[in-house]
Amino acid sequence: MTSTISPEHSVADRLRAKHGPAITLGDDCDLPDDLKIEIDPGAHLTLGNGVSIRRGSTIQVHPGATVAIGDDVAIGEHTFISAMVGISIGTGAALSNMVDLHDHNHRPRTAANTPDGNVLPWSSGFEGAPIVIEPGATLSNKITVTAGVRIGANTLIGANAVVSHSIAPDTVAAGVPASGRRTFDGVPTPRENPRTLTLGLFGTSIMEHLEAVNTQMTTQANLPEIGSKVTVEGWRQRGWVHRLALSLRAAWPHISFDIRNHGEGGATSRDIAGIVSSDRSTNSVDYDLVVLGCGINDVWRRFQGRTSEAVDLDEYTEHMNAMLSQLSGYSRRIVVISETPFGPAEDAATVTAMNAELARYNEAAARAAAAHNALFLNVWGPFTAAARHLAPTSGDDGPPGLWSDGVHLTELGDTVLLQQAERLLAEHRIVEKLLDYPLLERAAALTAYGPMFAPYRPAAA
């Protein structure tokens, strides 16, 4: 945009004249004369009220991208902000001197990314993901923040850190890579674009775990009298999945968890493959984490004499590979969980034969998981060890067991599964890594993350 505005005008007036509708500037901004702002076609830059930027700083907004800087943000000297997707800096955040924010990287120079063999630095293209700095966060001197990172409200990042993974609110973090050192009781801050993780679980009744409920039975202040009768009002999913959902929400209260439990009682791998396919065609949900487990009914049906419903090992393997192949297309992380062993469902010799067969199915599940880059959670060992120690002694009822009927689990059995699931999540830092926004090819990233930044762009931009 051409303008004849003179140097005597304010920096804000000169920026408005130069960039026109591609820039939105609030009131009372303190901007240096040497501030360098580059806004490409289709891009937009928003600065809120009272923004302060020191000398020597640069803001680049590449085609289609958005940079949104909230009210009362302070940015120090020689800071560099470059967006190919989107960067938002929340109200009251502070960036000290020589902070670097890049929401994009060069893609690896593979044959697929550079089919013509071009050796130019940008020939392999770029991948990107948003950077979100929540209100009140403070970044000290010489900090680098990489693509896909979210820094929580009030968080303080120590000098010289490289923030390559998301940091929770109310945290002091430091290091290369930056990690939380301690937390504190932060001041209340507005939640902007809260992070949501979507979890999908596909399995049998062990995962579904229906429980009959009556509202009065679950209200401590209004429990029914002993000896009175209540009516079953409905069914709710409980068990280890319900407890895991509560555990996640308690450990990560600043995150929203969308838990979708697709477990189905009596389902074989044949049935669950249909559920997976139907879920995608009906809902088109992209999952951050999927847990898949089945096989117990495939085996049990044969020992029950229900041979038409039983699924042999070859067919089971086909279903597992098909489900994992499908789920891999729209799930960031997949965990395959082994089936729990049979308890006293039949006579001891039959149970031994059932478990020997079920172990073969678990081994096939582990191989399928490895072939599709999924994690495999083997709960068989911990479950059998707990069952052995909890076995009642002669003439003694002993402590409660792990099974209610030799197949379905008691609360204690659910707890064993819960502990193993929590251990896997912690050991592989799964939730922490899922909090990062996935890197996508540049054009795909603009499409996928565009809605996040739409509120910061004027309708005509």
Mean separation of Cα contacts under 8 Å (at least 6 apart) over the residue count of the stretch 196-434, i.e. the relative contact order in percent, is 20 percent
Between Glu225 and Glu38, how high is the FRET efficiency from 1/(1 + (r/R0)^6) when r is the Cβ-Cβ distance and R₀ = 60 Å? Nearest 0.05. 0.25
Which angle between 0 and 90 degrees, to the nearest 10, do you get for helix 411-427 versus the longest principal axis of the chain when only C-alpha atoms count? 30 degrees
Whichever lysines have a C-alpha closer than 26 Å to that of Lys18, once near sequence neighbours (fewer than 8 apart) are set aside: Lys36
How much length, in nm to one decimal, is gained on full extension between His389 and Arg249, taken as 0.36 nm per residue of separation minus their Cα-Cα distance? 47.2 nm
The stretch 196-434: antiparallel bridges as % of DSSP beta bridges, rounded to 5, reads 20 percent
Take peptides 218-228, 112-122, 233-243 and line them up by average Cβ neighbours within 10 Å, highest first, as a rough protection proxy. 233-243, 112-122, 218-228
If you add up the charges near Val351, with Lys and Arg at +1 and Asp and Glu at -1, over every other residue whose beta carbon is less than 15 angstrom from its beta carbon, what do you get? -3
Sort the following peptides by mean Cβ neighbour count (other Cβ atoms within 10 Å, averaged over residues), highest first: 245-258, 441-454, 132-145. 132-145, 441-454, 245-258
One would report the antiparallel percent of DSSP beta bridges in the chain, rounded to the nearest 5, as 20 percent
Taking square-rooted eigenvalues a ≥ b ≥ c of the alpha carbon gyration tensor, is the stretch 180-326 rounded, prolate or oblate, where a/c under 1.5 means rounded and, failing that, a/b exceeding b/c means prolate? oblate
So, with points 7 Å from each Cα along the Cβ direction, the His78-Lys433 label distance in nm works out to 3.6 nm
Once both labels are modelled 7 Å past Cα along the beta-carbon direction, what's the Asp185-His106 spacing in nm? 5.0 nm
Per residue, how big is the convex hull of the chain when only Cα atoms are used? Give it in Å³. 205 Å³
Centroid-to-centroid separation of the stretch 83-160 and the stretch 274-304 [C-alpha atoms, Å]: 37 Å
List the relative contact order of the chain as a percent without decimals, with contacts defined as Cα pairs under 8 Å and 6+ residues apart. 12 percent
May I ask you to order 337-344, 271-278, 424-431 by the average number of other C-beta atoms within 10 Å around their residues, highest value first? 337-344, 271-278, 424-431
Expected output is a single nm value to one decimal: the length gained when fully extending between Glu422 and Thr282, i.e. 0.36 nm times separation in residues minus the C-alpha distance. What is it? 47.4 nm
Quick one: if you stick a label point 7 Å off each Cα along the C-beta vector at Thr352 and Ser328, how many nm between them? 3.9 nm
Taking 51 Å as R0, compute the FRET efficiency from the Cβ-Cβ separation of Trp235 and Val119 and round it to 0.05. 0.20
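Only the coordinates and a few stated rules stand behind these numbers; no lab work does. Computed from a prediction, not measured in an experiment: that's the story for all the values here. Backbone-built Cβ (ideal geometry, glycine too); neighbour counts: all protein chains shown.
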